[in-house]
Amino acid sequence: MIDIIAGSKSDSKIVEKVLTVLEANNVEYKVLYLSAHRDHEKLVQAVTESRAEIFICIAGLAAALPGVVASITDKPVIGVPVSAALNGLDALLSIVQMPKGVPVATVGIDNGANAAYLAMRILEVNKSA
């Protein structure tokens, strides 16, 4: 099970890229729209109560969402930077520059499909172990 968390409904075009891959491969998922800043308490509750094995977090601008989720859980978090401003470089750098002990895997800007493929690979490794 994968939880896809997008910081805003404006990220839905990237969410669709993730869903296209997951649905084609019959992977169970849930989509949530929660901001790390505006919905912090709901986000914490959603992550701590989730039965997901992996989180895909989609965010633009300062892109705090993947790091916040990674600080709440010890499950794998994949960040997808969105090209909302500065061609997505601000989001990419925000996601990839996590402090030691708060790892977030990061895919290319707007590359929701690669996030889905990476999540499926992680699920397969977990099954093999």
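Given the conditions (1) on the phi > 0 side of the Ramachandran plot; (2) at pLDDT below 95, which single one is not true for Asn26?
(2)
For Ile56, which of the numbered conditions (1) touching an Asp or Glu at 6+ places or on another chain (Cβ under 6 Å); (2) surrounded by 21 or more Cβ atoms within 10 Å (Cβ to Cβ) fails to hold?
It fails just one condition, (1).
Could you grab the pairs with beta carbons closer than 6 Å, sequence gap of 6+ or different chains, first residue in region 76-88 and at negative phi and surrounded by fewer than 24 Cβ atoms within 10 Å (Cβ to Cβ), second one at pLDDT 95 or above and in a strand (DSSP E or B)?
Pro76/Ile54
Have a look at Val47, Val69 and point out the one that is of a type in the set (A, V, I, L, M, F, W, C), part of a helix (DSSP H, G or I), crowded, with 22+ Cβ neighbours inside 10 Å and under 9 Å from the mean Cα position of the chain (by Cα).
Val69
Residues of region 28-44 being part of a loop (DSSP other than H, G, I, E, B) and touching a residue at least 12 places away in the same chain (Cβ under 8 Å), which ones?
Glu28, Leu34, Ser35, Ala36, His37
The values are calculated or read from the model by the stated rules, or taken from the named source; none is laboratory data. Everything numeric here is computed off the predicted structure, so don't read it as measured data. We place every Cβ from the backbone using ideal geometry, glycine too, and count neighbours over all the protein chains shown.
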